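Participant: Next up is a structure, given as structure tokens.
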Amino acid sequence: MSKIKPEAWVLLIVLSLIWGSSFILMKKGLEAYPPMQMASLRICIAALCMLPVTIRHARKVKRGDLFYIFLFGLTNSGIPAFLFAESETVVSSSTAGILNSLTPIFTLVVGLLFFGIAFNWYGLFGVIIGFAGAFLLVFFGENHIRSVAETTNTAIYAGLILIATILYGFASNIVKKHLNMVPGHIVSGFAYSFFAVPLTIWLLFFSDFPTRVVQNPEGIHSLLFIAILAVLGSAMAIVLVVRLIQASSALFGSFVTYLIPVVSIMWGIVAGETINFVTLFSLLLILSGIIIAGQKKQLRIKN
């Protein structure tokens with residue numbers, strides 16, 4: 001970590017504050033809109049925000065880069081937006097933030113399996129500890145006693161977040177290996193533009209979104225929260241995270257999830273969500289696993 005630029009540390013803190021607040025913003029958005037609409041709105045508004053950048057650089061991006069930008073958008077912005085939106089209909093925002101902190105572990109696992117990062121036992125030990133924390137959080141991270149059906153339901157929706165973190169692992173490695181020289185604002189603009197047109201058509205003509213905006217008492221209020229989430233947590237955050245990874249490494253870029261749970265837990269407390277000892281202990285286990293898995297020896301790349 002001694003070689004990490006000061007710029008990377010500043011970006012790490014800013015992104016932690018932005019993304020740590022995104023889970024409660026999603027909860028607010030879900031008050032008026034179902035998961036599919038909320039995630040679609042998030043992507044469309046982010047694409048609109050970055051439209052000037054996309055138009056300006058439309059002829060400058062290499063075709064080979066467009067392919068990897070599409071893959072990055074699919075794994076970082078496209079599919080995860082819908083997985084998180086659906087999961088937060090059941091999982092609390094604080095729990096979602098904690099489970100999201102598994103991203104560095106999956107960044108490492110994906111790097112080992114698909115991007116040539118050398119294996120060592122630190123990585124395996126860290127993964128085991130991290131998953132132990134996730135298991136404890138999903139099945140025992142509540143004060144009240146749940147039935148088998150409730151526990152199973154919670155586990156299924158928590159599993160959606162785990163899938164999203166696996167996809168984030170691919171996205172981080174794609175940026176570091178294939179898009180390291182492409183500016184973050186270009187990656188962000190094109191990543192969202194691939195999905196914005198079909199989702200906008202669906203929202204306006206094949207969903208009840210226009211009716212909800214007008215008739216739902218929380219329609220405008222929730223749309224405002226989604227807009228904040230889209231502009232800060234999606235469009236601008238991708239610019240920052242791409243720059244962070246370029247200034248450091250894929251694994252260090254995923255370390256933003258060290259601080260995200262802290263911010264999400266603070267918002268969860270404000271929102272009246274249950275935060276107990278098991279929840280905090282689960283977070284400690286997950287972060288311990290990330291620290292162990294991220295030992296320097298693990299970062300060596302095969303030639």
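Participant: Convert each backbone phi in region 197-206 into a coupling constant with the Karplus relation 6.51 cos²θ - 1.76 cosθ + 1.60 (shift: θ = phi - 60°), then list the ³J(HN,Hα) values in order as whole Hz, x for Gly and Pro.
Facilitator: 5, x, 5, 5, 4, 5, 4, 7, 10, 10
Participant: Now for a different question. May I ask you to work out the translational diffusion coefficient for the chain at 25 °C, viscosity 0.890 mPa s, via Stokes-Einstein with Rh from the Kirkwood sum over Cα pairs, reported in whole µm²/s?
Facilitator: Numbers: Rh = 19.5 Å.
The calculation lands on 126 µm²/s.
Participant: Figure the gain on full extension for residue 202 and residue 220 (residue separation times 0.36 nm, minus the Cα-Cα span) and round it to one decimal in nm.
Facilitator: Fully extending the segment from residue 202 to residue 220 adds 4.5 nm.
Participant: Something else: Accessible area per residue for the chain in Å², computed with a 1.4 Å probe and the full protein assembly in place, what is it?
Facilitator: So the chain comes to 46 Å² accessible per residue, rounded to a whole number.
Participant: Packing-wise, with mean Cβ within 10 Å as the measure, how do 282-291, 131-140, 104-113 rank, highest first?
Facilitator: The packing order, highest mean first, is 104-113, 282-291, 131-140.
Participant: Quick one: if the Förster radius is 35 Å, what FRET efficiency do residue 70 and residue 132 give, using the C-beta to C-beta distance and rounding to 0.05? Write out the running numbers ahead of the final one.
Facilitator: Numbers: r = 35 Å, r/R0 = 1.01.
So the FRET efficiency works out to roughly 0.50.
Participant: 222 nm [θ] for the chain, helices only, -39500 (n - 2.57) per DSSP H run of 4+, per residue, to 500?
Facilitator: For the chain, the value works out to -22500 deg cm²/dmol.
Participant: Put +1 on the Cβ of each Lys and Arg and -1 on the Cβ of each Asp and Glu in the chain; which of 139, 114, 157 then has its Cα farthest toward the positive end of the dipole?
Facilitator: 114
Participant: Whole-Hz ³J(HN,Hα) for each residue in region 71-86, computed from phi via Karplus 6.51 cos²θ - 1.76 cosθ + 1.60 with θ = phi - 60°, x for glycine and proline: what do you get?
Facilitator: 4, 4, x, 5, 8, 10, 10, x, 5, x, 4, 6, 5, 5, 4, 5
Participant: With θ set to phi - 60° and the Karplus curve 6.51 cos²θ - 1.76 cosθ + 1.60, what are the ³J(HN,Hα) couplings of region 215-221 in order, to the nearest whole Hz, using x for Gly and Pro?
Facilitator: 8, 6, x, 9, x, 5, 4
Participant: Sticking with this structure for a sec: Subtracting the Cα-Cα distance from 0.36 nm times the residue separation, let me have the gained length for residue 9 to residue 56 in nm, one decimal.
Facilitator: Difference between extended and current length: 13.9 nm.
Participant: What distance in nm lies between label points placed 7 Å from Cα along the C-beta direction at residue 156 and residue 181?
Facilitator: In this crude spin-label approximation the distance works out to 4.8 nm.
Participant: Placing unit charges on C-beta atoms (Lys and Arg positive, Asp and Glu negative, everything else neutral), compute the dipole magnitude of region 51-208 about its Cα centre in debye, rounded to 20.
Facilitator: Using Cβ point charges on Lys, Arg, Asp and Glu, region 51-208 gives about 880 debye.
Participant: So what is the relative contact order of the chain, in percent, for Cα pairs below 8 Å that sit 6 or more residues apart?
Facilitator: Here the relative contact order equals 42 percent.
Participant: If you take every residue apart from residue 180 with its C-beta less than 14 Å away from the C-beta of residue 180, what net charge results, scoring Lys and Arg +1 and Asp and Glu -1?
Facilitator: Net local charge, residue 180 excluded: +3.
Participant: Of the lysine pairs in the chain, how many meet both conditions: Cα atoms under 30 Å apart, and a spacing of 8 or more in sequence or different chains?
Facilitator: Lysine pairs satisfying the spacing and distance rule in the chain number 23.
Participant: Once label points are set 7 Å from the Cα along Cα→Cβ at both residue 262 and residue 17, what is their separation, rounded to one decimal in nm?
Facilitator: Distance between label points: 1.3 nm.
Participant: Quick one: if the Förster radius is 22 Å, what FRET efficiency do residue 124 and residue 163 give, using the C-beta to C-beta distance and rounding to 0.05?
Facilitator: The pair residue 124/residue 163 has a calculated efficiency of 0.55.
Participant: Further, regarding this structure: Using a simple charge model, +1 on the beta-carbon of Lys and Arg, -1 on the beta-carbon of Asp and Glu, nothing else, what dipole does the chain show about its Cα centre, in debye to the nearest 20?
Facilitator: Values: 19 positive and 10 negative charges, 296 e Å.
Approximately 1420 debye in magnitude.
Participant: Say R0 is 25 Å: what FRET efficiency, to the nearest 0.05, do residue 90 and residue 280 get from their beta-carbon distance? Can you show the working numbers first?
Facilitator: Numbers: r = 21 Å, r/R0 = 0.84.
For R0 = 25 Å, the calculated efficiency reads 0.75.
Participant: Taking all protein chains in place and a 1.4 Å probe, what share, in percent, of the accessible surface of the chain do carbon and sulfur account for?
Facilitator: Result for the chain: 71 percent of the exposed heavy-atom area is carbon or sulfur.
The values are calculated or read from the model by the stated rules, or taken from the named source; none is laboratory data. A quick note: this is a predicted structure, and the numbers were derived from the prediction, not measured. Cβ atoms come from the backbone with ideal geometry, glycine included; neighbour counts cover every protein chain shown. Accessible surface areas use protein heavy atoms only, side chains included; no ligands, DNA or RNA. Shrake-Rupley method; radii C 1.70, N 1.55, O 1.52, S 1.80 Å.
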